[in-house]
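The values are calculated or read from the model by the stated rules, or taken from the named source; none is laboratory data. All values derive from a computational prediction rather than experimental measurement. As a convention, Cβ positions derive from the backbone with ideal geometry for all residues, glycine included, and neighbour counts pool all protein chains shown.
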């Protein structure tokens, strides 16, 4: 039997103690196209990165073309002729196609880089691939598809035998995808192995020879694409066992319950189109969808964090919200997706963070902070949210992820909002802390707030929401009440694998 | 949030002990350095620890210290103000001109407003036009000094009316008015930073502008306001200096912006924004001043002074970067 291009034995990877990959055993045939699929966070990108040297595994063995390897950098992987094409383009925009392709492997004549030599080599490679890029064009002026061609050329001139492509079609139109597939087929015919990381299942079935499905960092199975349908892959990705438990939800609000948030025709050019829904007092509305489907952009638009058109009304008010400050004053709270980038000021104290959004209420006539009031408010929040340690002067940076998330909740509870937008509220917190966050969300709904929760973890959405909105390509494609929101229904809507009813 | 979740935090919550040393050095290095130098000079020179010498140091450095106090707000908010030296000159020149043509007190008042206007212009350009503050204030600095030069045709503007010298040459309760002004400015800005909502916003904007914006903080206004305050402080400093010499000089304050920034950084205020304090910048200015004074009193070759100051700034910034990197790793 031929030596496999890649063989993994019991490979595992942990990030900050959290398992991203566990006991992966996988063999990838040389000269094949092998797809890795899975939900967001299932570990497919991590696996691709381990193979291409961007990330190092910490358990098990990785064999590349029969040799055991543990790459410390993509550079080391390149020496084994393993290249990666990342989701984000990693070219130098202000330099030419030629310079980008040969960056780091310049062809030389008498010790100096030789443009004629490189140009000739580039032409030769381009004709082999059926590409037609002008070598002098600046990469920054090219379309995304052409930039990707530059990346592929880069891999080819390095004589890569194995190319890991992470979501290569994410930014491409249908024609461009067809072009990319032609390229992949050419590479395959020339004996190059392609690892194709994607969540577009129709594409996976079209281009790949075999597909490996990952779930929660484990390999569920590897199947020839001739023998498996996209729908069956979805089932494999989801699995059947849902061990997570959720607190009791308050009853769904009555039909005449007050509408606390009314969104009408919310749009943002190229990102969101015509989003309309209502959120009632006491309701938890889950939002599902793939990464890039516009979920985060939607809540940011509701919060007026980005430019948008359309109506956002809080509790029947006629306020036109233009800035986040307007949104805060109208009674909206936004728990952002990234705690550190847009949630907390991590080098400041717990108290300073807890009171930041609420300072207008804590201000004395001369502009000073009413410190005793601020301190007692901080202590109250620390108690009610069980933030540890209980010291309000503690710097937020030194808290655990779960406690940081509680501080972020506390900051917004202090403003006494009517509408609570939570974007991935349990990301980066451990299982125990997750349950506590579910309880807080359920408690908010019980207190009559409207809660909107985005989550990439489907069980979480299904377990916590009275109603589920599914987004795809910046639109709401399904609006499912709790009874109808099954995994299948949500996933099919999110992937667009079945015609769904738009409520 | 209740029950069942109390165990996991402990191991993650404690900051790593082994970085304690570097963080203490970063937080209190300026105090240690200042005290060490102060004690050394007290022992080494009889002339150092005298009321006259100490008040002299304060009086001479009051204008720079005022500039550094205003600049501290800008840097904590994540900005940078390189135009303060030019504002210093422009306000002095305008005050001197108006003192001769209208009235000394009127001139001083207008000089202050000119500084405020310059600062607001900086703030608008940085916060709303979104020009990088380094470039923006470098450019406006040229403009402001250019205006000062045009107004004076590059001549010194002498003021004969002695009312003009009130804030530069007079004393109150045995202490120079300039020192009183500096003390009041430092006190007010300390209160603003440490006690007011605006002060909290300054720290939040410098620490994480996006988080501040999403918390309802009007980030642009806060940023612009720090530049306005910095401009006003620079003008006040320029007025004191002009008053001292009874002269407006378009070439005054050259390089003051760099000395002020050096003092702020040496004091331990982070150039990355989000952290710092007024007292730090005051100690920073005094440390630099003591080095100069020490060179004088001890008759050391003044050629070494620049070298020593440069090394001290490098050490201060190095410690800041190092402490930050080690904390991010932890």
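Of all the strands (runs of 3 or more DSSP E) wholly in region A:1-92, which have at least 1 residues that are surrounded by fewer than 17 Cβ atoms within 10 Å (Cβ to Cβ), on the phi < 0 side of the Ramachandran plot and touching a residue at least 12 places away in the same chain (Cβ under 8 Å)? Walk me through it before giving the result.
Working: elements: A:6-15, A:18-28, A:33-38, A:59-64, A:67-69, A:82-85.
In region A:1-92, the matching strands (runs of 3 or more DSSP E) lie at A:6-15, A:18-28, A:59-64, A:67-69.
A quick yes/no check of all residues on (1) in contact with a strand residue (DSSP E or B) (Cβ under 7 Å, 6 or more places away or on another chain); (2) closer than 30 Å to residue A:493 by Cβ:
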site: A:173; (1), (2): no, yes
site: A:188; (1), (2): yes, no
site: A:191; (1), (2): no, no
site: A:197; (1), (2): yes, yes
site: A:202; (1), (2): no, yes
site: A:209; (1), (2): yes, yes
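Do you know which residues across region B:292-305 are without any contact (Cβ under 8 Å) to a residue 40 or more places away in the chain and surrounded by 10 or more Cβ atoms within 10 Å (Cβ to Cβ)? Before you say what the answer is, go through the steps one by one.
Keep residues of region B:292-305 that are without any contact (Cβ under 8 Å) to a residue 40 or more places away in the chain, which gives B:292, B:295-296, B:299-305.
Those that are without any contact (Cβ under 8 Å) to a residue 40 or more places away in the chain and surrounded by 10 or more Cβ atoms within 10 Å (Cβ to Cβ): B:292, B:295, B:296, B:300, B:302, B:304, B:305.
Within region A:211-228, is even one residue over 16 Å from residue A:38 (Cβ atoms) and modelled with pLDDT under 85?
Pass one, region A:211-228, residues over 16 Å from residue A:38 (Cβ atoms): A:224, A:226-227.
Restricting the remaining residues to those that are modelled with pLDDT under 85 gives none.
Within region A:211-228, none of the residues are over 16 Å from residue A:38 (Cβ atoms) and modelled with pLDDT under 85.
Across region A:315-341, which residue is farthest from residue A:359 (Cα to Cα) among those that are surrounded by 20 or more Cβ atoms within 10 Å (Cβ to Cβ) and away from chain B (no Cβ under 11 Å)?
This residue is A:321.
Output the helices (runs of 4 or more DSSP H) that fall wholly within region A:357-461 and possess 2 or more residues being buried (at least 17 other Cβ atoms within 10 Å of the Cβ) and at pLDDT below 90, or say none.
Values: elements: A:371-385, A:401-413, A:431-446.
Result: A:401-413, A:431-446.
Could you list all residues from region A:97-114 that are crowded, with 18+ Cβ neighbours inside 10 Å and not in a helix (DSSP H, G or I)? If you could, list the steps in order and put the result at the bottom.
Going through region A:97-114, the residues crowded, with 18+ Cβ neighbours inside 10 Å turn out to be A:97-102.
Listed by number, the list holds a single entry, A:102.
Being within 14 Å of chain A (Cβ to nearest Cβ), under 14 Å from residue B:27 (Cβ atoms) and modelled with pLDDT of 85 or more narrows it down to one of B:267, B:276, so name that one.
Working: B:267 fails: within 14 Å of chain A (Cβ to nearest Cβ).
Only one candidate passes the filter, namely B:276.
If you scan region A:273-314, which residues turn out to be out of contact with any helix residue (DSSP H, G or I) (no Cβ under 9 Å at 6 or more places or on another chain), under 17 Å from residue A:259 (Cβ atoms) and surrounded by fewer than 23 Cβ atoms within 10 Å (Cβ to Cβ)?
A:276, A:277, A:278, A:280, A:311
Given the conditions (1) without any contact (Cβ under 8 Å) to a residue 60 or more places away in the chain; (2) within 14 Å of another protein chain (Cβ to nearest Cβ); (3) over 30 Å from residue A:404 (Cβ atoms), report the number of the one that residue B:189 does not fulfil.
Going through (1) without any contact (Cβ under 8 Å) to a residue 60 or more places away in the chain; (2) within 14 Å of another protein chain (Cβ to nearest Cβ); (3) over 30 Å from residue A:404 (Cβ atoms) one by one, residue B:189 breaks only (1).
Of everything in region A:342-356, what is assigned to a helix (DSSP H, G or I), more than 17 Å from the chain's Cα centre (by Cα) and at the interface with chain B (Cβ under 9 Å from one of its Cβ atoms)? Give them in sequence order. Can you show your working first?
In the first step, residues of region A:342-356 are kept if they are assigned to a helix (DSSP H, G or I); the result is A:342, A:350-356.
Of the ones still in play, those that are also more than 17 Å from the chain's Cα centre (by Cα) are A:350-356.
Correct list: A:352, A:353, A:355, A:356.
Could you tell me whether residue A:117 is in contact with a strand residue (DSSP E or B) (Cβ under 7 Å, 6 or more places away or on another chain), farther than 28 Å from residue A:4 by Cα and in a helix (DSSP H, G or I)?
Considered against the rule, which asks whether it is in contact with a strand residue (DSSP E or B) (Cβ under 7 Å, 6 or more places away or on another chain), farther than 28 Å from residue A:4 by Cα and in a helix (DSSP H, G or I), residue A:117 comes out as yes.
Answer yes if at least one residue in region B:152-162 is at the interface with chain A (Cβ under 9 Å from one of its Cβ atoms), in contact with a strand residue (DSSP E or B) (Cβ under 6 Å, 6 or more places away or on another chain), surrounded by fewer than 24 Cβ atoms within 10 Å (Cβ to Cβ) and not in a helix (DSSP H, G or I), and no otherwise.
Within region B:152-162, the first condition is being at the interface with chain A (Cβ under 9 Å from one of its Cβ atoms), and the residues that meet it are none.
So far as region B:152-162 goes, no, none of its residues is at the interface with chain A (Cβ under 9 Å from one of its Cβ atoms), in contact with a strand residue (DSSP E or B) (Cβ under 6 Å, 6 or more places away or on another chain), surrounded by fewer than 24 Cβ atoms within 10 Å (Cβ to Cβ) and not in a helix (DSSP H, G or I).
Report whether or not residue B:199 is more than 25 Å from residue B:286 (Cα to Cα), within 14 Å of another protein chain (Cβ to nearest Cβ) and modelled with pLDDT of 90 or more.
Details: more than 25 Å from residue B:286 (Cα to Cα): no; within 14 Å of another protein chain (Cβ to nearest Cβ): yes; modelled with pLDDT of 90 or more: yes.
Taking the combined requirement at face value, the residue does not satisfy it.
Residues to consider are B:71, B:78, B:146; find the one that is outside any loop (DSSP other than H, G, I, E, B) and touching a residue at least 60 places away in the same chain (Cβ under 8 Å).
Details: B:78 fails: outside any loop (DSSP other than H, G, I, E, B); B:146 fails: touching a residue at least 60 places away in the same chain (Cβ under 8 Å).
Being outside any loop (DSSP other than H, G, I, E, B) and touching a residue at least 60 places away in the same chain (Cβ under 8 Å) holds for just one of B:71, B:78, B:146, which is B:71.
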